[in-house]
Every structure is written in C-alpha cells, then in structure tokens.
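Mind having a look at this structure? Questions to follow.
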Amino acid sequence: MNFKTKQEDFWAGDFGDNYIDRNRSAEYLAANTALFSEIFKSTIDVTSAIEFGANVGLSLEAIRRLMPKISLSAIEINTNAVKELKKIENLEVFNTSILNFSPKKAIDFVLIKGVLIHIDPDELQNVYDILYHTSAKYICIAEYYNPTPIVLKYRGHDGKLFKRDFAGEMMDKFPNLKLVDYGFFYHRDYNFPHDDTNWFLLKKC
C-alpha cells in the first residue's frame, strides 16, 4: 500500500505488529464488553456496525457478544492484524488505510476507538468526512480527550500521539450531529480496567 503520512507507515509496520500481542487478552475483551454495553444502551435499531482501525477485532467481538445478529465490518491497515480479523466469522474486512477508504453503503453504527489520536492532524478533516459519510445513524468516538490540541510522545516516538476534542470538532463541522451520550472509562476500575478513554456517542439528526 502507498501511504500519505508517517503515521500510516508506523502502524502498518513493526510497531503495529507488536501492538497486536500487547493488547490481546481475555481481560481486554471483558473491558470492551462492559464499555459497549454502556454505549449501546443509548442506541435504537442498530443492525450494522463498522470499526475504523479494528486491530484484531476485540471491540467487534465485544459488540457481537451483546448483539449476536449484528452485521459487522472492519477497516485495518496492518496486514498481520487483518489475518487475525479474517478468522472472525461473518466479518467483512477491508485491508486499507482509513485515508483511502471509500464507503460503498451507509452503516448504522460507525466506531473509531484509540485511532484518531494517531492520525496526522492535517488529515483529520478528511477522516471526519469519511466517518460522517459512512454513518447512517450513529458515530462513536472513544479516544484520549483534551479541550485543546496537544502533541505527546508515544512509547518513545515523536509525532505519533495527538489529543484534542475530536467529538466537538465533528459536531462543529456537521451541525446535524447531536450528542446522545458520553462517558469515561478508568484504568483503575476494579472490575473492568480500561485505558483512560473518553467516549462520545453522536447521532445524525
């Protein structure tokens, strides 16, 4: 694949390979199940979902545990992660960069979790467009939050972690997106510890 940004190369390569094993566990799946049980309480009539940057599919597997009949799709840039995704039954997989993805149909629930923080800020507006046009009803953003844009070092690497108000920027860009619900999951939760994540559920109105 040809990539536009250093961040895409980073996740398609060795670092992305190492991320696979570092974040795959039964505990992580349980934490995701708890997270999405909270999020989906505020949705209505969701029959399809797609995840942008799905890695090995632990979020999608959690969603299927909660909604066994849901139709699922995944977009993933790393080819080794894609091999794992293809082991999941009845999952449509796109091995591509988010920046190259063009939706063929609208999907009820669009998810991006721990991915916008790694996108080149110059490409964020393009990603917001893709998320918006892929969604038929809902967009769920689960990311590190900061009220203003900041750049942090990520596991010793510069220019690979960006915090900002992603959900707020999307609502400003698309006035018909309304905030349905939001929340926070904490790394010191006694039962379902999760990376400190702010999640926002937006709906097209």
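The values are calculated or read from the model by the stated rules, or taken from the named source; none is laboratory data. What you see is a predicted model; the values in this text were computed from it and never measured. Cβ sites come from the backbone with ideal geometry, for glycine too, and all protein chains shown count toward neighbours. All accessible areas refer to the heavy atoms of the entire protein, side chains included, with ligands and DNA or RNA removed. Shrake-Rupley method; radii C 1.70, N 1.55, O 1.52, S 1.80 Å.
When residues of region 95-152 are filtered for being within 16 Å of L177 (Cβ to Cβ), small (G, A, S), outside any strand (DSSP E or B) and open to solvent by less than 30 Å² (accessible area, probe 1.4 Å), how many remain?
The number of residues fulfilling the criteria is 0.
Would you point out which residue out of A81, A74 is open to solvent by less than 20 Å² (accessible area, probe 1.4 Å), among the hydrophobic types (A, V, I, L, M, F, W, C) and closer than 17 Å to D9 by Cα?
On the way: A74 fails: closer than 17 Å to D9 by Cα.
Going through A81, A74 in turn, the sole match is A81.
Also: Applying the selection to region 66-94, what residues are over 15 Å from the mean Cα position of the chain (by Cα) and in a loop (DSSP other than H, G, I, E, B)?
Matches in region 66-94: M67, P68, K69, I70, K86, K87, I88, E89, N90.
Considering only residues that are under 26 Å from D122 (Cα atoms) and touching a residue at least 60 places away in the same chain (Cβ under 8 Å), look in region 96-109 and name the one that is nearest to the chain's Cα centre (by Cα).
F109
Okay, next question. Taking E61, is it within 29 Å of K203 (Cβ to Cβ), part of a helix (DSSP H, G or I) and modelled with pLDDT of 90 or more? Before you say what the answer is, go through the steps one by one.
Values: within 29 Å of K203 (Cβ to Cβ): yes; part of a helix (DSSP H, G or I): yes; modelled with pLDDT of 90 or more: yes.
Against the criterion (within 29 Å of K203 (Cβ to Cβ), part of a helix (DSSP H, G or I) and modelled with pLDDT of 90 or more), E61 qualifies.
Mind checking which helices (runs of 4 or more DSSP H) fall wholly inside region 1-49 and carry at least 1 residues that are touching a helix residue (DSSP H, G or I) at 6+ places or on another chain (Cβ under 7 Å), more than 19 Å from Y154 (Cβ to Cβ) and modelled with pLDDT under 95?
Values: elements: 6-12, 14-22, 26-40.
The helices (runs of 4 or more DSSP H) meeting that bar are 26-40.
Here are some conditions: (1) of a type in the set (D, E); (2) under 20 Å from L29 (Cα atoms); (3) out of contact with any strand residue (DSSP E or B) (no Cβ under 8 Å at 6 or more places or on another chain). E169 meets all but one. Which one does it not meet?
Every listed condition holds for E169 apart from (2).
Please find, within region 157-205, the residue that is surrounded by the fewest Cβ atoms within 10 Å (Cβ to Cβ) out of those that are without any contact (Cβ under 8 Å) to a residue 40 or more places away in the chain and closer than 17 Å to I130 by Cα.
Residue satisfying both the conditions and the ranking: P175.
K113 passes all but one of (1) within 14 Å of the chain's Cα centre (by Cα); (2) modelled with pLDDT under 95; (3) of a type in the set (D, E, K, R); which number fails?
Every condition holds for K113 apart from (2).
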